[in-house]
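Visitor: Take this structure, written in structure tokens, and hold onto it; I'll ask about it next.
The values are calculated or read from the model by the stated rules, or taken from the named source; none is laboratory data. Note that the structure is a prediction, hence the values are computed from the model and not measured. Counting neighbours? That spans all protein chains shown, and the Cβs are built from the backbone with ideal geometry, glycine included. Just the protein is used for accessible areas: all its heavy atoms, side chains included, with ligands, DNA and RNA removed. Shrake-Rupley method; radii C 1.70, N 1.55, O 1.52, S 1.80 Å.
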Amino acid sequence: MKKRFGIDIDGTVTCPASMIPFLNTSFQLNLTLEDIKQYDLMPLVNVSEEEFAEWFTTNEPVIYEESPMAEGAGEVLTKWKDEHELYFISARGSHLLEVTKKWFLDKELTFHHIELIGSHDKIAAAKKHNVDIFFEDKHDNAVMIHEQCGIPVLLFDTPYNRDPIPEGVIRVYNWQEAEDWVKNWLAADKVSR
């Protein structure tokens, strides 16, 4: 039986370090992914919140166009495309839909639906689309989606999301681990029916 997968894009399907070269160039920094210990990037840059917001808005389309795919994501998502429904739910603004679709097409990734909600609150979208499982890199999103939707959430490990997680949020270190966990979850679901 097909399951509907809710999948975040940035830091999950794309490499979590995608933005770092842009930050380093624009703000004369020398950051690596290991330096990013929290999701909020403001403390890392020496500009006002308004200046950073303006920089991000200006650079966002280019960052998304040039984001490399997370290692292993393409192979796993390609395996899943015929077996399940792949619903990509992202905090990106809806004005970035064409850039986002083009990236998926350029990377030869199948999607059944892309929803850019313009906010990190993905609970309503997860409920609206009745997803069975979610894939995320933002810690508080993962916890809230699990708690509000009652579904398993796979949290892709990064230096910025290492707070403790409740049962039902499963930390994975790469797409191969995610695929293995999903196989076991699907097998257990089949047995329980």
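Visitor: In what sequence, largest accessible area first, do M19, M1 appear using a 1.4 Å probe?
Guide: The ordering from most to least exposed comes out as M1, M19.
Visitor: Only Lys, Arg, Asp and Glu count, each charged at its Cβ (+1, +1, -1, -1), so figure out the dipole size of region 1-48 about its Cα centre, rounded to 20 debye.
Guide: In total the dipole reaches around 380 debye.
Visitor: Going by average Cβ density within 10 Å per residue, which order do the peptides 22-32, 115-125 take, highest to lowest?
Guide: 115-125, 22-32
Visitor: Can I ask one more? Which pairs, out of K37/K101; K37/K128; K101/K190; K79/K101, put more than 27 Å between their alpha-carbon atoms?
Guide: With Cα atoms farther than 27 Å apart: K37/K101; K37/K128; K101/K190.
Visitor: Sticking with this structure for a sec: Leaving out ligands, DNA and RNA, what percent of the accessible area of the chain is carbon and sulfur, probe 1.4 Å?
Guide: Carbon with sulfur: 50 percent of the solvent-accessible area.
Visitor: Under the rule a/c < 1.5 gives rounded, and otherwise a/b versus b/c splits prolate from oblate, where does region 35-116 land using the Cα gyration tensor?
Guide: Since a/c reaches 1.5 and a/b is larger than b/c, the shape of region 35-116 is classed as prolate.
Visitor: How much mean residue ellipticity at 222 nm does the chain get from its helices, if each DSSP H run of length 4 or more adds -39500 (n - 2.57) and you divide by all residues, to the nearest 500 deg cm²/dmol?
Guide: The per-residue figure over the chain is -12500 deg cm²/dmol.
Visitor: Leaving out same-chain residues fewer than 8 places away, which aspartates and glutamates sit with a Cα under 12 Å from that of K81?
Guide: Partners within reach: E108.
Visitor: Sticking with this structure for a sec: Over the chain, what is the percentage of antiparallel beta bridges among all DSSP beta bridges, to the nearest 5?
Guide: 5 percent
Visitor: Across 10 Å bins from 0, what is the distribution of all Cα-Cα pair distances for region 1-142, in whole percents?
Guide: Pair shares across the bins are 10, 41, 35, 12, 2, 0.
Visitor: Which order do the peptides 138-150, 164-176 come out in when sorted by mean C-beta neighbours inside 10 angstrom, highest first?
Guide: Going from most to least packed, we get 138-150, 164-176.
Visitor: Can you list the HN-Hα couplings for region 135-142, worked out from phi with the Karplus curve (6.51, -1.76, 1.60; θ = phi - 60°), rounded to whole Hz and with x for Gly and Pro?
Guide: Karplus-based 3J(HN,Hα) across region 135-142 equals 10, 8, 10, 8, 3, 5, 4, 4 Hz.
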